[in-house]
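Below is one structure, written out as structure tokens; the observations come after it.
Readers should treat all values here as calculations from the given coordinates under stated rules, not as data from a laboratory. Please read these numbers as outputs of a predicted model, since none were measured by experiment. Here the Cβ positions follow ideal geometry from the backbone for every residue, glycine too, while neighbour counts run over all protein chains shown.
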Amino acid sequence: MSQAKVDRYKEEKKNRKKIIKKEKRKKTGLKILGVLICAAFAAWIGFSGYKYVQDKKPVTKTDINLDATQDYLKTLNEN
């Protein structure tokens, strides 16, 4: 082995713990990013499906007679 290779090997051996920690952080960060992307994709699919189902539901119309309430409010305002 040449002296340059020996020096590189010694430097790598000296910094091996730092290199391993950095690689572990990088792998963990990529895993977290992957999980977040998958969660966002699943949420998007769920929201789209929910919206599709809600759009297909028939709209119900309800009529309310508020005459009694209006009469009551008029009697309160008169007093």
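Hey, what number do you get for the chain at 222 nm if only DSSP H runs of n ≥ 4 count, each worth -39500 (n - 2.57), divided across all residues, to the nearest 500?
-28500 deg cm²/dmol
In debye to the nearest 20, how big a dipole does the chain give about its Cα centre with +1 on each Lys and Arg Cβ and -1 on each Asp and Glu Cβ?
Dipole magnitude for the chain comes out near 1900 debye.
Of 2, 64, 34, which is farthest along the charge dipole of the chain in the positive direction, counting Lys and Arg as +1 and Asp and Glu as -1 at C-beta?
Looking along the dipole axis, the top candidate is 2.
Please determine, in degrees from 0 to 90 and to the nearest 10, the orientation of helix 67-78 with respect to the longest principal axis defined by the Cα atoms of the chain, where the helix direction is its Cα long axis.
Once rounded, the angle reads 80 degrees.
Select one label from (i) 12.0, 37; (ii) 34.4, 107; (iii) 15.1, 50: the one whose number is Rg and Dmax of the Cα atoms in Å as derived from the coordinates shown.
(ii)
Quick one: helix 16-56 against the long Cα principal axis of the chain, what's the angle to the nearest 10°, folded into 0 to 90?
Here the helix axis deviates by roughly 20 degrees.
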